[in-house]
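Down below is the structure, laid out as structure tokens.
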Amino acid sequence: MKYSLAVLFLVLSSELFAQSNTQDVVYLKNGGIIRGKIIDHESTGKVKIELCGGSVFVFQASEIDSLKKENALKNKLHEIGQNYFRKDRGFRNMTELAIIYGVNFKNNPTNNLYYSNTNQDDIGLSLETVNGYQFWPYLFVGGGIGIDRFITYQQTFSPFFLRVSSEFIKRKVTPYIYVDAGYSVMWKQPATDGISYNSNAGGAYTAAGGGVRIYTRSRASVILSAGYKMNMSSSTWTYTYDSYDTYNVTRTYQRFVMNIGVSF
């Protein structure tokens, strides 16, 4: 008996909820659509519909194409999905903040992908801005500059690069891919206890990834993506403890990145 009452209560509740989320919709022959609550229809032969704000519209039967009851929540979600600003051509700026992550290679002397005196994975931050031109809905080309800080390995780079990106579909949320190529300038490292850095040079820079671009009602859209980033560098330093030996090392930093950004 208790289970039967519970089921009945759920059925009635869902029915009442569905009714409370319905609205009357008047489709006009001129293409107009009016949503609200019909307050008079049968008595006068005209249709009076009250909008959410309290305004009342009256239509002759000859003006009306059809009357329907529809789900208000579903209509609202559809409206949100369709009402957004999209730029298919013209100047565009993209600015992104990223978390950088690199897996430690356990100081394997035969593998020069990473160099450090610790066995830690590398965590870092990246900030980039790109200015360019949207030639058509599926092609953007621009130039970018950024700053990459590898916190664990205490290295800082400034990449200068060319970006080519593309979207696949025309929707509010659309898949997005990008490819970057250029040169990364390595910042000068200060001398540390026992080590004197003679020179620091950057090298080739590449990045690639994909994600989604989320358009909004304003001119700004949100970018969420993940990808791969590579920085190359070479350094010369001298140990000043006793031997004053000079060392030259070429390094390749390969990193996983997670980006969040905004585009105008």
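What does the extension gain come out to for W187 and I64, with contour length at 0.36 nm per residue minus their alpha carbon separation? Don't jump to the answer; show the numbers that get you there.
Numbers: separation 123, 0.36 × 123 = 44.28 nm, distance 7.08 nm.
Length gained, W187 through I64: 37.2 nm.
So, R0 is 45 Å and r is the distance between the beta-carbons of D88 and S199; what FRET efficiency does that work out to, to 0.05? Working shown, then result.
On the way: r = 47 Å, r/R0 = 1.04.
That pair, D88 with S199, gives E of 0.45.
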Residues other than S225 with Cβ under 11 Å of its Cβ, Lys/Arg counted +1 and Asp/Glu -1, net out at 0
Most exposed first, judged by fewest Cβ atoms within 10 angstrom, S166, S126, S218 run S218, S166, S126
Sorted by chain and then number, the residues having a modelled amide H within less than 5 Å of the amide H of Y205, at least 5 places away or on another chain, are G182, Y183, S184
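How far, in nm, would the chain grow between N30 and L97 when pulled straight, counting 0.36 nm per residue and subtracting the alpha carbon separation? All intermediate terms of the calculation are to be shown ahead of the outcome.
Working: separation 67, 0.36 × 67 = 24.12 nm, distance 4.83 nm.
That works out to 19.3 nm of additional length.
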PRE zone check, label point 7 Å out along Cα-to-Cβ of K170, amide N under 12 Å, scope the stretch 126-159, hits 137-138
Exposure-ranked with fewest Cβ neighbours within 10 Å first, F256, F91, F157, F140 stand as F91, F256, F140, F157
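All of the numbers you see were taken from the coordinates with simple rules; none came from a lab. Just so it is clear, the structure is predicted and the values come from calculations on it, not from any experiment. Neighbour counts are summed over all protein chains in view; Cβ atoms, including those assigned to glycine, are modelled from backbone coordinates with ideal geometry.
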